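J.: Attaching a single structure in structure tokens format; questions to follow.
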Amino acid sequence: MNKQQLPQTDSIEELARFWDTHDLTEFEDELEEILEPVFEQETAFILHLPLEEAEAVKEIAASKGIHDTDLIHQWVREKLQVA
């Protein structure tokens, strides 16, 4: 009997379908314990800025070669570290 392979995917839906039809004990020798969280919870914020401030953020981000949302995320992390 051919043993089926574990799916190599990050798709929650695909993994759920797989485990709905397979027994975990069939794959015990292939599994490894993961100690840190696999999925981090995130919350999205909507930020309203005056046009001039939004343009300034875009210019600063462009000068650093990063996306404007990445720049804002960086600024928030920096402020949280010193808070």
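J.: Within region 2-50, restricting attention to residues that are of a type in the set (Val, Ile, Thr) and not in a loop (DSSP other than H, G, I, E, B), which residue is surrounded by the fewest Cβ atoms within 10 Å (Cβ to Cβ)?
T.: By that ranking, first place goes to Thr25.
J.: Here is a check on your reading of the model: is Ile66 at pLDDT 95 or above, part of a helix (DSSP H, G or I) and surrounded by 11 or more Cβ atoms within 10 Å (Cβ to Cβ)?
T.: The answer is no for Ile66.
J.: Can you tell me which of (1) among the aromatic types (Phe, Trp, Tyr); (2) at pLDDT below 90; (3) surrounded by 12 or more Cβ atoms within 10 Å (Cβ to Cβ) is the one Trp75 doesn't meet?
T.: Just one mismatch for Trp75, condition (2).
J.: In addition: Quick check, is Glu53 in a helix (DSSP H, G or I), out of contact with any helix residue (DSSP H, G or I) (no Cβ under 6 Å at 6 or more places or on another chain), at pLDDT below 90 and not polar (S, T, N, Q)?
T.: Working: in a helix (DSSP H, G or I): yes; out of contact with any helix residue (DSSP H, G or I) (no Cβ under 6 Å at 6 or more places or on another chain): yes; at pLDDT below 90: no; not polar (S, T, N, Q): yes.
Answer is no for this residue.
The values are calculated or read from the model by the stated rules, or taken from the named source; none is laboratory data. Being a predicted model, the structure only gives us computed values, none of them experimental. Every residue, glycine among them, receives a Cβ derived from its backbone with ideal geometry; neighbour counts consider all protein chains shown.
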